[in-house]
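J.: Submitted below is the structure of interest, expressed as structure tokens.
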Amino acid sequence: MLGTQLAVLCDGAPSGLTDALDLVAGLDDALVRGFARVGEDDAAALAALAGALAPTPLGDRVAEAVGKVTAGSVAEDHLVALALAGARCALLGAAHDALLGQLDAALGRARAPWAPGTPEPPADAPPPLAGARAWLHELAVTGWGGVDHELVATAAAPVEAALAEPGLRRLAVLLDGLAAELRACAPVATMAHPPVRRWADLWARGLLLAQDAAAATAPPAVEEVSGRLLVLGVDVHEHDTAVQAQVHAILEPADGAAPRLVRATVGAVKVETIVGPALWRLLDAHPVLLSALAERRSLAVTGMPLRGGDLLWRDDRARPGEAADPFATARVLLSTAVAAASAPLDRHPVGIAEPVLLEGYDVRDDDGALAVELDGHRLAVAVDRLPSCGPLTAGLVAASSACLGLLRWDDGRWLLQPLAVQATVKRKPVGAHTGDWACGVTDPKVAKADAKAGDAVAVLRERAGRLLRR
């Protein structure tokens, strides 16, 4: 990424973006107080939302929903909450597309169009969906300010029922995570600054996933691909009850087609006590992928399923290849790799995570808030996203001169999330990648501390096995 590209990226927000986000914020504020207690400000915000959506296919439903909310007749009609959740997702989807268009223009990145799957005949929706809808509807009526332990406890039944259905695992994990956050904050009325935007994101996404039509909708088109997979870096997502490693890579198809930007995601459930390097041991069902991260190797993939830009990872369809430096890969292929479009339900500004390579920059440190500067243009660094399970630290980022990272958009600005850096420490070149410890800690001091703490994963697995044998 050059200074001129950074200038284009940071040269103002896309037209209409601020207005769209203001409409979303108005709905989010109404969710704080709940649809059962709509005041004048909330009514005005909802009316503005209905007015903005009026020319769209959602216009009539949103207008009807706003009318019922302001009239106080929302208590028994979950379709009202659905219409407002759909309006919110539509606005954020439009914001996502505008921002991604700005990013593609700055980088000169080509993007393939979205290819939906073939529609399937409608099928009976799984019974757990009704329970999930009822709980999410009750949250909307009550509002975040009214959430207490009793309301959070009612999530247990729909979460358990959804977990029992393999096709509803995504919804189940979302509901479980939202309930866990609310439980930790209950009673929410005592909080000075609840995470309004985040909870509204989870609520709206959950409500859409809990619809009968969502369960019956055919997944996007899936193809099988073969070729050489060159890893750029790995983004580790951690929650108290789950961990996920999302590998960003470039696929060189075996048929000689243009290289493609792809992701491979693997995850596992966990308990909150498993943190740091131990997280990798939860993903040991994918040894080929972990070895490629730790050893910085390419992978030869054969018949690997690909949906949009996401590889549906199968470790048995990959084998280790030759050593491949991610920075060399980025310098040669990143500018020509074709990116994939996001799925409709995944179009949200927070979901933007585009691989980029920056070199020759200066790092500015403003009381721990790092930023990289190119030709007088600054890009903030998301040091809070650096995972605890790898060697990459804020100190290494501050000393770096080259960075492989993800461009993200948050809180009204573009951010750089480092995945790997090249730095000079004590006059020696140093390279650090987030996946370097995927097969074990290589830093002697950290390895010693890790060994002293014990293998929490092994202990928990042994105890779980003992319980299952009883």
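The values are calculated or read from the model by the stated rules, or taken from the named source; none is laboratory data. Remember, predicted model here, so these are calculated numbers, not experimental data. In this analysis, Cβ positions are derived from the backbone assuming ideal geometry, glycine residues included, and neighbour counts consider all displayed protein chains.
J.: How many residues are surrounded by fewer than 22 Cβ atoms within 10 Å (Cβ to Cβ) and within 18 Å of LEU283 (Cβ to Cβ) when one looks only at the range 244-273?
T.: The qualifying residues number 12.
J.: Still on this model: Report yes if ALA278 is surrounded by fewer than 17 Cβ atoms within 10 Å (Cβ to Cβ) and of a type outside the set (Ser, Thr, Tyr), otherwise no.
T.: Values: surrounded by fewer than 17 Cβ atoms within 10 Å (Cβ to Cβ): no; of a type outside the set (Ser, Thr, Tyr): yes.
It is false that ALA278 is surrounded by fewer than 17 Cβ atoms within 10 Å (Cβ to Cβ) and of a type outside the set (Ser, Thr, Tyr).
J.: Continuing with this model, one more query. Filter the range 415-470 down to the residues that are within 24 Å of PRO326 (Cβ to Cβ) and modelled with pLDDT under 70 and list them by number.
T.: Hits for the range 415-470: nothing passes.
J.: Still on this structure, I have one more. Among LEU208, LEU182, LEU163, LEU151, which is modelled with pLDDT of 95 or more, surrounded by fewer than 20 Cβ atoms within 10 Å (Cβ to Cβ) and over 30 Å from PRO320 (Cβ atoms)?
T.: So the residue among LEU208, LEU182, LEU163, LEU151 that is modelled with pLDDT of 95 or more, surrounded by fewer than 20 Cβ atoms within 10 Å (Cβ to Cβ) and over 30 Å from PRO320 (Cβ atoms) is LEU151.
J.: Quick one: which residue in ALA285, ALA292 is outside any helix (DSSP H, G or I), of a type in the set (Gly, Ala, Ser) and within 24 Å of the chain's Cα centre (by Cα)?
T.: ALA285
J.: For the range 259-268, does any single residue satisfy the condition of being of a type in the set (Lys, Arg), in a strand (DSSP E or B), under 20 Å from ALA337 (Cα atoms) and assigned by TED's automatic domain parsing to the domain that holds PRO320?
T.: Yes, the range 259-268 has at least one match.
J.: Do we have HIS248 as within 23 Å of GLY351 (Cβ to Cβ), free of Cβ contacts under 8 Å to residues at least 40 places away in the same chain and not small (Gly, Ala, Ser) here?
T.: no
J.: When you check ARG413 against the structure, is it surrounded by fewer than 21 Cβ atoms within 10 Å (Cβ to Cβ) and under 24 Å from ALA7 (Cα atoms), yes or no?
T.: Yes; evaluated as a whole, the condition is true for this residue.
J.: Restricting to the range 50-81, count the residues that are touching a residue at least 40 places away in the same chain (Cβ under 8 Å) and surrounded by 16 or more Cβ atoms within 10 Å (Cβ to Cβ).
T.: Of the residues in the range 50-81, the ones touching a residue at least 40 places away in the same chain (Cβ under 8 Å) are 74-75, 78, 80-81.
Filter once more, keeping what is surrounded by 16 or more Cβ atoms within 10 Å (Cβ to Cβ): 74, 78, 80-81.
Here the count works out to 4.
J.: Find all pairs meeting these conditions: Cβ atoms under 7 angstrom apart; at least six residues apart or on different chains; first residue within the range 279-307 and on the phi > 0 side of the Ramachandran plot; second residue of a type outside the set (Val, Ile, Thr) and assigned to a helix (DSSP H, G or I).
T.: The qualifying pairs are ARG296/PRO326; GLY303/ARG317.
J.: Related question: Of all residues in the range 215-243, how many are surrounded by 15 or more Cβ atoms within 10 Å (Cβ to Cβ), modelled with pLDDT under 95 and either part of a strand (DSSP E or B) or touching a strand residue (DSSP E or B) at 6+ places or on another chain (Cβ under 8 Å) (or both)?
T.: 5
J.: Please give the strands (runs of 3 or more DSSP E) falling wholly within the range 352-463 in which 1 or more residues are within 30 Å of THR18 (Cβ to Cβ).
T.: Per the criteria, 354-359, 362-366, 369-374, 377-381, 400-410, 413-425.
J.: Residue by residue through the range 293-328, note down the ones that are acidic (Asp, Glu) and farther than 17 Å from ALA438 by Cα.
T.: ASP310, ASP316, GLU322
J.: Which one of these is in the same structural domain as VAL24 (by TED's automatic domain parsing), touching a Cys at 6+ places or on another chain (Cβ under 6 Å) and outside any strand (DSSP E or B): ALA200, ALA184, ALA204? Break it down stepwise before answering.
T.: Numbers: ALA200 fails: touching a Cys at 6+ places or on another chain (Cβ under 6 Å); ALA184 fails: touching a Cys at 6+ places or on another chain (Cβ under 6 Å).
After applying the criteria, what remains is ALA204.
J.: Of these, THR265, THR336, which one is of a type in the set (Val, Ile, Thr) and under 24 Å from the mean Cα position of the chain (by Cα)?
T.: Every option except THR265 fails the conditions.
J.: Just to check your reading of the model, which residue among ALA258, ALA264, ALA172, ALA249 is small (Gly, Ala, Ser) and under 30 Å from GLY146 (Cβ atoms)? Let's see the steps before the verdict.
T.: Details: ALA258 fails: under 30 Å from GLY146 (Cβ atoms); ALA264 fails: under 30 Å from GLY146 (Cβ atoms); ALA249 fails: under 30 Å from GLY146 (Cβ atoms).
The conditions single out ALA172.
J.: Tell me whether the range 248-255 contains one or more residues that are on the phi < 0 side of the Ramachandran plot, assigned by TED's automatic domain parsing to the domain that holds ARG319, part of a strand (DSSP E or B) and modelled with pLDDT under 95.
T.: No, because not a single residue in the range 248-255 is on the phi < 0 side of the Ramachandran plot, assigned by TED's automatic domain parsing to the domain that holds ARG319, part of a strand (DSSP E or B) and modelled with pLDDT under 95.
J.: Out of (1) small (Gly, Ala, Ser); (2) surrounded by fewer than 19 Cβ atoms within 10 Å (Cβ to Cβ); (3) touching a residue at least 60 places away in the same chain (Cβ under 8 Å), what's the single condition that is false for ALA369?
T.: Only one criterion in (1) small (Gly, Ala, Ser); (2) surrounded by fewer than 19 Cβ atoms within 10 Å (Cβ to Cβ); (3) touching a residue at least 60 places away in the same chain (Cβ under 8 Å) is unmet by ALA369, namely (3).
Residue by residue, here is whether (1) crowded, with 17+ Cβ neighbours inside 10 Å; (2) small (Gly, Ala, Ser); (3) in contact with a helix residue (DSSP H, G or I) (Cβ under 6 Å, 6 or more places away or on another chain); (4) assigned to a helix (DSSP H, G or I) holds:
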| residue | (1), (2), (3), (4) |
| --- | --- |
| GLN5 | yes, no, yes, yes |
| SER15 | no, yes, no, no |
| ASP19 | no, no, no, yes |
| ALA30 | yes, yes, yes, yes |
| ALA36 | no, yes, yes, no |
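J.: Condition check: under 25 Å from the mean Cα position of the chain (by Cα), in the same structural domain as GLY146 (by TED's automatic domain parsing), closer than 15 Å to ALA81 by Cβ and at pLDDT 95 or above. Does LEU23 satisfy that?
T.: For LEU23, the condition - under 25 Å from the mean Cα position of the chain (by Cα), in the same structural domain as GLY146 (by TED's automatic domain parsing), closer than 15 Å to ALA81 by Cβ and at pLDDT 95 or above - is not met.
J.: Another question, if that's okay. Quick check on the range 166-174. Is at least one of its residues modelled with pLDDT under 95, in contact with a helix residue (DSSP H, G or I) (Cβ under 9 Å, 6 or more places away or on another chain) and farther than 29 Å from PRO344 by Cβ?
T.: Taking every residue of the range 166-174 in turn, none turns out to be modelled with pLDDT under 95, in contact with a helix residue (DSSP H, G or I) (Cβ under 9 Å, 6 or more places away or on another chain) and farther than 29 Å from PRO344 by Cβ.
J.: Moving on to the next point. Restricting attention to the range 74-113, which residues are among the small types (Gly, Ala, Ser) and outside any helix (DSSP H, G or I)?
T.: Pass one, the range 74-113, residues among the small types (Gly, Ala, Ser): 75, 81, 83, 85-87, 90, 93-95, 98, 101, 105-106, 108, 110, 112.
Matches in the range 74-113: ALA75, GLY108, ALA110, ALA112.
J.: In the range 295-337, what residues are assigned to a strand (DSSP E or B) and touching a His at 6+ places or on another chain (Cβ under 7 Å)?
T.: Result: no residue meets the conditions.
Listed here are the residues, each with its yes/no results for (1) in the same structural domain as GLY267 (by TED's automatic domain parsing); (2) buried (at least 20 other Cβ atoms within 10 Å of the Cβ).
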| residue | (1), (2) |
| --- | --- |
| VAL288 | yes, no |
| PRO305 | yes, no |
| ASP315 | yes, no |
| PRO355 | no, yes |
| ARG364 | no, no |
